[in-house]
1. Anything in the range 447-483 that is among the hydrophobic types (A, V, I, L, M, F, W, C) and closer than 17 Å to residue 494 by Cβ? List them, or say none.
2. Tell me, which residue of the range 96-113 that is under 30 Å from residue 198 (Cα atoms) and charged (D, E, K, R) is surrounded by the most Cβ atoms within 10 Å (Cβ to Cβ)?
3. Among the residues of the range 31-78, what is the count of those that are under 30 Å from residue 295 (Cβ atoms) and of a type in the set (Val, Ile, Thr)?
4. Quick one: what pairs do we get from the range 159-185, first residue free of Cβ contacts under 8 Å to residues at least 60 places away in the same chain and in a loop (DSSP other than H, G, I, E, B), second of a type in the set (Phe, Trp, Tyr) and open to solvent by 20 Å² or more (accessible area, probe 1.4 Å), C-beta under 7 Å, 6+ apart or different chains?
5. So which residues in the range 248-276 are of a type in the set (Ser, Thr, Tyr) and touching a helix residue (DSSP H, G or I) at 6+ places or on another chain (Cβ under 8 Å), if there are any at all?
6. Filter the range 76-95 for residues that are part of a loop (DSSP other than H, G, I, E, B), without any contact (Cβ under 8 Å) to a residue 40 or more places away in the chain and open to solvent by 30 Å² or more (accessible area, probe 1.4 Å); which is farthest from residue 182 (Cα to Cα)?
7. Those residues that are within 15 Å of residue 580 (Cβ to Cβ), among the β-branched types (Val, Ile, Thr) and either open to solvent by less than 50 Å² (accessible area, probe 1.4 Å) or out of contact with any strand residue (DSSP E or B) (no Cβ under 9 Å at 6 or more places or on another chain) (or both), I need them from the range 459-479; list them, please.
8. Would you point out the residue of the range 62-108, among those that are of a type outside the set (A, V, I, L, M, F, W, C) and touching a helix residue (DSSP H, G or I) at 6+ places or on another chain (Cβ under 8 Å), that is farthest from residue 136 (Cα to Cα)?
Amino acid sequence: MRKLFEKFSNMKLLYKLLTVYFFVFVVIILFSLILFGYSATIIREETKFASEQLTRQISVNLEQDLSTTTNNLFGTYNLILLGDNLSVPLAYGEDAAYKNNIRGYSIRRALNEYLYSTSFINWIGVIDTNDYIYTSVRPTKDIAYNLEENMQRDRQDCIEAGGKILWRVLEDGTISLSRLIYNNATMQYTGYVVVNINPQIFYDTLNSFGILGGVNLIIYDSFSMPMLYYLSEDLESAMITLPSQERDYISVDGQTYVFSKEMITKSGLELIKLTNISANAAKIEDLTKVFVLTCICCLLLISLLTTLVLSSISKNIRILMGGIEQVSSGDLSVQIQPVSNDEIGEIAVSFNQMTEQMNRLVGEVKKEARLRQQKDYQLLEAKYQALQSQINPHFMFNALESINGIAKINQDNEISSLIQKLALLLRDNLDRSGTFCPLAEEIEYIMNYLDLFRQIYPSKLVIVNKHDPDLDTVAVPTFILQPIVENAVVHGIGQKVGKGVITISTRIYNDVLQISVTDDGVGMSPQTVRQALNPKENRKHIGLNNVNERIHLLYNEDIYGMEVTSEPGKGTTVSICLPI
């Protein structure tokens, strides 16, 4: 192993690369084959598990429906009446014919009532202990079953069932249910009954369960004959032999199916579900082939391109090494002429000048950036100062005090309160002249600002303050929240029908102070949000862009700034991130 490694280390770069690619190629092929086998196994096992779970659920649902059907057929007063009429013995003697006619009439009348008690019964046949056969048939139906020929067999089957209901599919596709009949009072055996029903009621039930779409399903009767089924054409020929299967998987006409079998306990029926997994396996196989072929083509192409690139790089490296050897021997006048202008060629040309030029350029760039930052910030501060100086605050404050006095004289307390709050805001503007202030002072100012709006629109605005008092002393830019809150009131809540809520919250997140202003107003589309942060596109939300630019100029780091998230009809959240 060590010799092989040494031999590989001493190989030319090109041969090393080809060896590595060959090894990667073999690994990809092996990995693809293993992945295919593992995926096929997993799919088979998961499909089998899902099929068993679905079969069990179908069995439970069918059990409930079959129990309802049998209760409607055999748990009725008509069956009790029929059993009592059959318990009347045959008469012998002078008036035997008359009495037996009365007995037969009572039985047939009970059969007719039984027949029309449920809409899905086609015909009913009953055989008493004397082997007399009585039937009742709907006018549009025929009895496709010879009760007389099958009398002894049917009676023996019912006796062996011990009172349980036997299900049998007939040649015309209908289903017959048979069981013994007893006298209700004495529990004496009086005969057996055969009720023929329309199987469509069960297909309707299966459709209501939503299980027939793409599902191969067979229900076998009490004698292992297919009674109800929903199969593809390939499986119809194999459904007779399916109950004897004990394997997890079966193959029919080259297709592999997951074989799931479940007993419908109370009814004595057997449910079999077949799920075709050949299509999934074929898809995995095709996908694996495409994957392997794609990898082979990519490796060949990469190998060719890499060979060409390495050839060029190798020549430049040899030229560069020759120049270095000449410099080391004392020849400082050597001029390296690379064969190409790639990275190696650029190193050969600019090696001696790179460090000095880089330091000079970096120093100039930093100096220019500082000057530009100071100039831009001074310009922005000048805009803020010009905006605040448009109206003489002292004149406005004195005027508001005079108006407040007039309002009190006229006993207009509401106007007086509004003027006092507005005067308080003007006094704060006079007092807060610095660039930074404590967060508590900024929150108090903005709450006074919002309180003025809330008093003007008492039924329109609700304010929620979620400020963390532990952050009171954190320094933040002065008047940083006012444009954001004004935007929420005017453009968010102001255009909303009904009451709106504005929530102001502060927290520390990832060592950064995060202040959020959230409103449940009309919200903004993504295009409007983009325009709000670019005043060249829209002048409607210019205050938001000014706040964002002011933060960037103050701190000059990408992690600090403003983020706007909004959804039309639900509201807007504006969050600013500042250093602690």
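The values are calculated or read from the model by the stated rules, or taken from the named source; none is laboratory data. What you are looking at is a predicted structure, and each value in this text was computed from that prediction instead of being measured. Note that each Cβ is placed from the backbone with ideal geometry, even for glycine, and that neighbours are counted across all protein chains shown. Quick note on the areas: whole protein, heavy atoms, side chains included, nothing else; ligands and nucleic acids left out. Shrake-Rupley method; radii C 1.70, N 1.55, O 1.52, S 1.80 Å.
1. Keep residues of the range 447-483 that are among the hydrophobic types (A, V, I, L, M, F, W, C), which gives 447, 450, 452-453, 456, 461-464, 471, 474-476, 479-481.
450, 452, 453, 456, 461, 462, 463 - these are the residues of the range 447-483 that are among the hydrophobic types (A, V, I, L, M, F, W, C) and closer than 17 Å to residue 494 by Cβ.
2. Filtering the range 96-113 for residues under 30 Å from residue 198 (Cα atoms) gives 103-113.
Keeping just the survivors that are charged (D, E, K, R) gives 103, 108-109, 113.
Details: 103: 18, 108: 15, 109: 14, 113: 15.
Of everything passing the filter in the range 96-113, 103 is surrounded by the most Cβ atoms within 10 Å (Cβ to Cβ).
3. Taking the range 31-78 and keeping what is under 30 Å from residue 295 (Cβ atoms), we get 31-47.
From what is left, the residues that are of a type in the set (Val, Ile, Thr) are 34, 41-43, 47.
Number satisfying all stated conditions: 5.
4. From residues that are free of Cβ contacts under 8 Å to residues at least 60 places away in the same chain and in a loop (DSSP other than H, G, I, E, B), the pairs are 170/145.
5. First, pick out the residues of the range 248-276 that are of a type in the set (Ser, Thr, Tyr): 249, 251, 256-257, 260, 265, 267, 275.
Correct list: 249, 256, 257, 260, 265, 267, 275.
6. Of the residues in the range 76-95, the ones part of a loop (DSSP other than H, G, I, E, B) are 76, 87-95.
This time we only want the ones that are without any contact (Cβ under 8 Å) to a residue 40 or more places away in the chain, so: 88-89, 91-95.
After this cut, where a residue has to be open to solvent by 30 Å² or more (accessible area, probe 1.4 Å) as well, the list is 88-89, 92-95.
Working: 88: 12, 89: 14, 92: 23, 93: 27, 94: 29, 95: 27 Å.
The residue in question is 94.
7. 474, 476
8. Let us first name the residues in the range 62-108 that are of a type outside the set (A, V, I, L, M, F, W, C), namely 63-65, 67-72, 75-78, 83-85, 87, 89, 92-95, 98-101, 103-106, 108.
Narrowing the set further to residues that are touching a helix residue (DSSP H, G or I) at 6+ places or on another chain (Cβ under 8 Å) leaves 65, 69, 76, 78, 85, 103, 106.
On the way: 65: 25, 69: 20, 76: 17, 78: 13, 85: 15, 103: 15, 106: 13 Å.
Ranking the candidates gives 65 first.
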